[in-house]
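**Q** One structure is given below, represented as structure tokens, and several questions about it will come after.
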Amino acid sequence: MDRWLNSLEETARQALAVPLFRYLSQGARDGTTASEAHAAWAEFRLLPHVLRDVTEIDTRTTVLGTELTCPVAVAPTTLQRAVHPDGELAMARATAATGSLVVVSSNAGTPFADIGATGADWWLQVYLSADRTLSEPLLASAVAAGAKALVLTVDTPVVGTKYDGAGPTVWETTDPAILRVNAEPDLSEAPGAEKATDLGPHDIGWLAETTGLPVVVKGVLRPDDARRCVQAGAAGIWVSNHGGRQLDRSVSTAAALAPVAEAVGSEAEVYVDGGVRSGLDVVTALSLGARAVFLGRLPLYALVGGESAVQRMLTDLQDELVDALRLSGCRHLGDTRGLAVRGPLTGL
Ligand SMILES: Cc1cc2nc3c(=O)[nH]c(=O)nc-3n(C[C@H](O)[C@H](O)[C@H](O)COP(=O)(O)O)c2cc1C
């Protein structure tokens, strides 16, 4: 039996133009963090329970009050309409069909109103501009289109350097009409439109007040930063290194997760992304303190096959999670606490 999920990356490599696939897959600088992300989850081993009734497995959870059938959702990524003409719409419909949730990039190529009209549960990811007021129109249109939360990405004061080698870059080959269509009016040339390099905890409160929505902080790796976010009113802490696309050599999210979750306790929800590719990765992340995991590249690779392929990807992952939970003696997600132990060959 072959694992269909394993074929998605290669299928995308063959289907997409070289600059586009390179952009989706690459990491910053030497690509060290990007290449370690998945293997870091397999640094853990699982200590399963036995003699427990695992006839019925319940994978349901909530994120900021929104019900999910399974604790797996879609992270924000750009260029979805370059991968497939239906882009964000296909992603939103697939998550709606599977009872998941999608986080929409502020660079999305689909109007927020169209995403909202799919009926999907969605959050908006934002980068704030140096002049915060220039972000307000985008925030207002997301609120109007039914975004349920804001995800403030804090690991990108500047865009991490990536090496493209020979040939054109993705930006030279992509139609600008499928980027940032929600920036209305287009203020990108206005003074102060560049990404803020002075983000602070106060921006969390500002975002919450401006929109009336809960704020999740994405890109946290340190427990002390997580505490600062919680004290500033963050509703969620999202452990992420941006898929290894920002600071190369930053630690894996698998290693960062447990200390952050411990520092946050029950004061906010904790999520994680980075290299999650299987049900075993998900069960490990849950065990280490994540309430839900997010997927970046996997749904992008699946999107090559449109909405149905994204739907199948989410369903397959859910099936793998059920299998991992059953074999671990866990009926509910909360039963996974203490399941993951460190070190492949060290035992206890
Ligand atoms: C092509 C691509 C585009 C991305 N665009 C954004 C973005 O616009 N905003 C953001 O916060 N994160 C962005 N990310 C980071 C993802 O949200 C996520 O943190 C990361 O991809 C998770 O790692 P994974 O790809 O191994 O699942 C992007 C990632 C990729 C691969």
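The values are calculated or read from the model by the stated rules, or taken from the named source; none is laboratory data. Bear in mind the structure is a predicted one, so any value in this text is a computation, not a measurement. Ideal geometry is used to build each Cβ from the backbone, glycine not excepted, and the neighbour counts take in all protein chains shown. Side chains are part of the model used for accessible areas, which takes the heavy atoms of the whole protein and leaves out ligands, DNA and RNA. Shrake-Rupley method; radii C 1.70, N 1.55, O 1.52, S 1.80 Å.
**Q** Taking the highest mean first, how do the peptides 163-169, 5-11 order by number of other beta carbon atoms within 10 angstrom per residue?
**A** Values: 163-169: 11.0, 5-11: 15.3.
Going by the mean number of other Cβ atoms within 10 Å, highest first, we get 5-11, 163-169.
**Q** Can I ask one more? If R0 is 45 Å, what FRET efficiency do you get for Thr133 and Glu67 from their C-beta distance, rounded to 0.05?
**A** 0.80
**Q** Quick one: net charge of Thr98's neighbours, Cβ under 13 Å, K/R +1, D/E -1?
**A** My count for the surroundings of Thr98 gives -2.
**Q** Count the net charge of all other residues whose Cβ sits under 11 Å from the Cβ of His242, scoring Lys and Arg as +1 and Asp and Glu as -1.
**A** -1
**Q** Suppose the chain between Arg3 and Asp114 were pulled fully straight at 0.36 nm per residue; how much longer would it get relative to their current alpha carbon spacing?
**A** Length gained, Arg3 through Asp114: 36.6 nm.
**Q** I've got another one for you. Determine the principal axes of the Cα atoms in the chain, then give the extent along each, sorted from largest to smallest and rounded to whole angstroms.
**A** On the principal axes, the chain reaches 63, 47, 40 Å in Cα extent.
**Q** How about the stretch 209-301: which GluC sites (Glu not before Pro) there lie in a loop by DSSP and see at most 15 other Cβ atoms within 10 Å? Don't jump to the answer; show the numbers that get you there.
**A** Details: sites: Glu209, Glu262, Glu267, Glu269; in loops: Glu267.
Those satisfying the criteria are Glu267.
**Q** Tell me the carbon and sulfur percent of the accessible area for the stretch 24-73, rounded to whole percent, probe radius 1.4 Å. All intermediate terms of the calculation are to be shown ahead of the outcome.
**A** Details: 1360 of 2710 Å².
About 50 percent, which is the carbon plus sulfur part of the accessible surface.
**Q** Let me ask something additional. Count charges around Gln231 for me, please; just the other residues with Cβ under 13 Å from its Cβ, Lys/Arg as +1, Asp/Glu as -1.
**A** Working: positive: Arg227, Arg228; negative: Asp224, Asp225, Glu267.
Once all neighbours under 13 Å are counted, the net charge is -1.
**Q** Okay, next question. Just the number please: accessible area per residue for the stretch 196-339, 1.4 Å probe, all protein chains included, in Å².
**A** 36
**Q** Further question on the same structure: What Kirkwood radius, in Å to one decimal, follows from the Cα pairs of the stretch 1-66?
**A** So the Kirkwood estimate lands at 16.5 Å.
**Q** Here's something else I'd like to know. Grab the Cα-Cα distance for Thr315 and Arg45, subtract it from 0.36 nm times how many residues apart they are, and report the gain in nm with one decimal.
**A** Working: separation 270, 0.36 × 270 = 97.20 nm, distance 2.43 nm.
So the extension gain works out to 94.8 nm.
**Q** What's the angle, to the nearest 10 degrees (0 to 90), between helix 32-41's Cα axis and the longest principal axis of the chain?
**A** 30
**Q** What whole-number volume per residue, in cubic angstrom, does the convex hull of the C-alpha atoms of the stretch 245-348 give?
**A** Enclosed volume per residue, from the Cα hull, is 136 Å³.
**Q** Then there's this: Which lysines, on any chain, are close to Lys195 with Cα under 16 Å apart, when same-chain ones fewer than 8 places away are left out?
**A** Lys218
**Q** Return the carbon/sulfur percentage of the accessible area of the stretch 219-333, one whole number, probe 1.4 Å, all protein chains in place.
**A** Of all accessible area on the stretch 219-333, carbon and sulfur atoms account for 49 percent.
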